[in-house]
Amino acid sequence: YGFSNALGFHVFVGGPIRYRIYQTAGLDAADVGRIVGVSLLTFSAGLTALTGTALLLDPAGVPALHFLSVTDDRLIGGAIIAMLGLLLVWLSRGPRTLSAFGWSFTLPSAGSTALQILIGAVDIGAAAGALYLLLPADVAPGFAAFLLIFVAAVIAGIISHAPGGLGVLEAGILLGLGAGARPDVVAALVV
């Protein structure tokens, strides 16, 4: 994880490095693929759950979303949470397997998936909470609104393939908060 963050291109760097490390423990490529898949599921499900929850709780607090009505924001948030709920219901109906390109992937149970969603949401929510507490009070919106900004900045950092999302996450937070280059906000981001 440290190498793929430092070098960037997480998808292309992280898997081969994990394979090299886990191979010495006797795991094969399929095992490493499952490990990477579970990590990806946990992280992306956590981001999704936080996005839906934040849209349900405080859709009016994010300036970037003012082109939609509060009702539209809540409908989108409800739809996201409903999709996660439907996924859990689908997984609860028995073991599920997906096949692609000659590979078969057994999906986790509904209970395991719910736990992964919770772990991902707590992990990302705690990171957002730590930054939120460091922000100056006059800049910080409500926490639910800040979660949307934080999640969008994290996604932008991942998509950018910049090593560790360096600068992208920070710029996303500054832009989302409308804080420009305020030194006190930049200091909170550095900490």
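Can you find, within region 151-172, the residue that is farthest from the chain's Cα centre (by Cα) among those that are open to solvent by 20 Å² or more (accessible area, probe 1.4 Å) and under 18 Å from THR53 (Cβ atoms)? Checked region 151-172; the qualifying residue farthest from the chain's Cα centre (by Cα) is ALA152.
If you check ILE124 against the conditions, is it closer than 27 Å to VAL185 by Cα, open to solvent by less than 20 Å² (accessible area, probe 1.4 Å) and touching a residue at least 40 places away in the same chain (Cβ under 8 Å)? Answer is yes for this residue. For region 17-54, the tally of residues that are more than 10 Å from the chain's Cα centre (by Cα) and part of a helix (DSSP H, G or I) stands at 21.
The conditions of being open to solvent by less than 60 Å² (accessible area, probe 1.4 Å) and either under 24 Å from ASP31 (Cα atoms) or touching a residue at least 40 places away in the same chain (Cβ under 8 Å) (or both) are not met by THR106.
The values are calculated or read from the model by the stated rules, or taken from the named source; none is laboratory data. Note that the structure is predicted; figures quoted are calculated from it, not measured. Quick reminder, even Gly has a Cβ in these numbers, built from the backbone with ideal geometry, and neighbours come from all protein chains shown. Areas reflect the complete protein model, heavy atoms only, side chains present, ligands, DNA and RNA absent. Shrake-Rupley method; radii C 1.70, N 1.55, O 1.52, S 1.80 Å.
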